[in-house]
1. Just to be sure I understand the model, the point goes 7 Å from the Cα along the line to the Cβ. What's the resulting Leu106 to Asp76 distance in nm?
2. So what is the 222 nm mean residue ellipticity for the chain from helices alone, if each DSSP H run of at least 4 adds -39500 (n - 2.57) and you divide by all residues, rounding to the nearest 500 deg cm²/dmol?
3. Are there DSSP H segments in the chain that both extend 20 Å or more along their axis (alpha-carbon positions) and score a mean Kyte-Doolittle hydropathy of at least 1.0? List them, or say none.
4. Go ahead and run the numbers for FRET between Phe259 and Leu225, Cβ-Cβ distance against an R0 of 25 Å, rounding to 0.05.
5. Of the listed values [x] 18; [y] 48; [z] 39, grab the one calculated as percent of Cα pairs over 35 Å apart from the structure here.
6. Please report, in debye to the nearest 20, how large the charge dipole of the stretch 2-285 is about its Cα centre when each Lys and Arg carries +1 at its beta carbon and each Asp and Glu carries -1 there.
7. For the chain, what's the relative contact order in percent, using C-alpha pairs closer than 8 Å and at least 6 residues apart?
8. Using r as the Cβ-Cβ distance of Arg196 and Val242, and R0 as 35 Å, what FRET efficiency do you calculate, to the nearest 0.05?
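FYI, it's all coordinate maths here, none of it is from the lab. Quick caveat, the model's predicted, so the values are computed rather than measured. When we count neighbours, we look across all protein chains shown, and the Cβ atoms used for this are built from the backbone with ideal geometry, even at glycine.
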Amino acid sequence: MQARTQLRGLVELTRPGNAVMAGVLTFIGAFVAIGVEAFEVSGAWDAPVVQTAAAVAATVFATAAGMAINDYFDADVDRINAPDRPIPRGAVSERGALVFSIALFLGAVGSTLLLPPLAIAIATVNLLALAVYTQWFKGTPGFGNLVVGYLTGSTFLFGGAAVGAPEPAAVLFGLAALSTVSREIIKDVEDIAGDREEGLTTLPVVVGARTATLIAVGALVLAVLASPLPYVRETFGAAYLVVVVPADLVMLYAAYEGFDDPSASQRHLKVGTYLAAAAFILGRAAVIPMG
């Protein structure tokens, strides 16, 4: 029973939904870069398939590692803000979480060995940022949110770089980074009590919850205004607009909710993010190859 409890706790540390979603974003980055035709291969070991699979695995391992190491460093804060997480409730020891995160980081490193140099460079920067995020960046007003925004957006760039074509994923990087910054600020608004008690100088602690929420809304509005760019640049077809418009509306409503209910706002921002991801896939699939 104890082993099962610990195993469950270790899985929870990785936030498996977030880790898998990050892997999906990396796949989308590769898919947008080279299109479905590049994956129509006769052999399972053709380069685009291998490189995409390696990039997705590296992203899942790295995201899971980052989540686990974050819980290790945040154990005291989580006893206030999130007492049901594995470490505060005693399912996993702090040492166990640290060792587990190191193993996951090693898995991420090993998965990058088959990738091109640019993808390895992106992975190196991201792994270092994940490893030191909680200690160096999380408590800095706004900058920690920007780091998380970069890390989320860079999954698209990583996917494109893995197959040798990062440029088509650049706009998606910007859109994802802005929407993630918005969600992270609203999350900090929700956690303001515990962060203030622990002496963390997050953006809401420094400027106040309402001002921080206004900044979050501003970042999201920029993302929404920029969302037609992939269609305008002819990276995506018209199917993209059909799905991304509802995604934009959901995220704008979620941002508005952030003033009164940060928890609901975060949930709905995630729904909007999933819709946007579907828009990226459908939009790219709808582009008819030329020639």
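1. 3.0
2. Mean residue ellipticity at 222 nm (helix-derived): -24500 deg cm²/dmol.
3. 16-34, 47-73, 94-111, 117-132, 143-162, 209-226, 238-257
4. Taking R0 as 25 Å, the efficiency between Phe259 and Leu225 is 0.75.
5. Computed from these coordinates, percent of Cα pairs over 35 Å apart corresponds to label [x].
6. Charge dipole, the stretch 2-285, about its Cα centre: 260 debye, nearest 20.
7. Computed over the chain, the figure is 19 percent.
8. After rounding to 0.05, the efficiency reads 0.20.
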